[in-house]
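The values are calculated or read from the model by the stated rules, or taken from the named source; none is laboratory data. Because the structure is predicted, anything quoted here is derived from the model rather than measured. For neighbour counting, all protein chains shown are included, and Cβ atoms are generated from backbone atoms with ideal geometry for every residue, glycine included. With ligands, DNA and RNA removed, areas are computed over all heavy atoms of the protein, side chains included. Shrake-Rupley method; radii C 1.70, N 1.55, O 1.52, S 1.80 Å.
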Amino acid sequence: LFHAVQFAYDYREDTWMTEGTAAWVEDVVFPDANLSRRYLQHSPLSAPLTPLDFGRQGHQYGSWIFFQYLSDRFGRGIVAKIWRLADDSPQQISAKELETYSIRAVRRAIAREGRDFQKVFADFSRVNLRPAKGYRDGGTYPVPFSPRLALGAHGEDTGWLGTQVDHLASQYVTFVPADGAPPNRRLLVRVDGPPRGFAPAARVVVRFDTGRSKVVSVRLNKNGNGDVRVPFGRASVASVDVALINASTRYEGCFKRGTAYSC
């Protein structure tokens, strides 16, 4: 039924958006049926390194969790706003509203809420690392894999650890203080990402033994570099999560059928 609604706006829209919002509305209309949970095995929760707009192999259904995140923050009406902006019919208000294909419509809808897409996507990626705290019923959701590195002796250094993160995807790593870590120890997290134009982002979450957590955004300069120091004492800190995020929507080759991605 919702596909029929979507086709009234734009029947040639991306699979990740048509199927993702359709799976999202299942949970809205039938919240106790939990039909959409079966799709989370192919979602940013289970496969954070797979781009959000990958529209095959079941990921087109798992993208519903992104629309759930948006509706939790901006209200359910955000999905209707996205589809109205995706409408490229002559009835649009002006030519400026045309070619709001897929993620472009999402970006514009978020902008109309007074928020920046890059920051919203970065926070979405950060929340996904611990879904039990970020979503209603999130305690039943899968948790993304995050390599755990224990650091003990004072001054211990992991050295540079490199990884590749595709567009609209993220990579996680978790640091835990070993038994020998001093009580007053701090952890230096240094990020060397791509230039600002490629939309890199980094979030650090300090999780304390009390259950409390503290979120720190790593401020990256125009070259994509930045660092933060956070508590890491064994007496109070349980772990420190680092999320490396590629929020880029610098798409090319749009409006072409047959690709698994948005553009």
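Miscellaneous remarks
- For segment 217-250, the tally of residues that are within 17 Å of Phe121 (Cβ to Cβ), without any contact (Cβ under 8 Å) to a residue 60 or more places away in the chain and aliphatic (A, V, I, L, M) stands at 2.
- Number of the condition not met by Gly152 [criteria: (1) farther than 30 Å from Tyr61 by Cβ; (2) modelled with pLDDT of 90 or more]: (2)
- Cβ separations smaller than 9 Å between residues 6+ apart or across chains give the following pairs from segment 15-41 residues that are assigned to a loop (DSSP other than H, G, I, E, B) to residues that are of a type outside the set (Asp, Glu): Pro31/Arg136; Asn34/Thr140.
- Enumeration of residues in segment 125-147 that are part of a loop (DSSP other than H, G, I, E, B), closer than 26 Å to Gly77 by Cα and small (Gly, Ala, Ser): none
- Failed criterion for Thr163 (all others in (1) open to solvent by less than 60 Å² (accessible area, probe 1.4 Å); (2) part of a loop (DSSP other than H, G, I, E, B); (3) in contact with a strand residue (DSSP E or B) (Cβ under 7 Å, 6 or more places away or on another chain) hold): (1)
- Residues located in segment 194-235, provided they are surrounded by 17 or more Cβ atoms within 10 Å (Cβ to Cβ) and among the aliphatic types (A, V, I, L, M): Ala199, Ala201, Ala202, Val204, Val205, Val206, Val218, Leu220, Val228, Val230
- The residue list Arg136, Arg130 contains one member that is modelled with pLDDT under 95 and under 13 Å from the mean Cα position of the chain (by Cα), which is Arg130.
- Scoring Ser46 on the criteria (1) modelled with pLDDT under 95; (2) within 21 Å of Phe124 (Cα to Cα); (3) open to solvent by 50 Å² or more (accessible area, probe 1.4 Å) leaves a single failure, condition (1).
- Criterion (surrounded by 14 or more Cβ atoms within 10 Å (Cβ to Cβ), part of a loop (DSSP other than H, G, I, E, B) and of a type in the set (A, V, I, L, M)) met by exactly one of Ala109, Ala122, Ala150, Ala181: Ala181
- Hey, Ala4 without any contact (Cβ under 8 Å) to a residue 40 or more places away in the chain and not acidic (Asp, Glu) or not: yes
- Every pair of residues 6+ apart whose Cβ atoms lie under 6 Å, when the first sits in segment 44-68 and is within 13 Å of Ala23 (Cβ to Cβ) and of a type in the set (A, V, I, L, M, F, W, C) while the second is modelled with pLDDT under 95 and outside any loop (DSSP other than H, G, I, E, B): Trp64/Ser36
- Of Leu85, Leu98, all but one fail to be at pLDDT below 95, open to solvent by 60 Å² or more (accessible area, probe 1.4 Å) and closer than 22 Å to Ala8 by Cα; the exception is Leu98.
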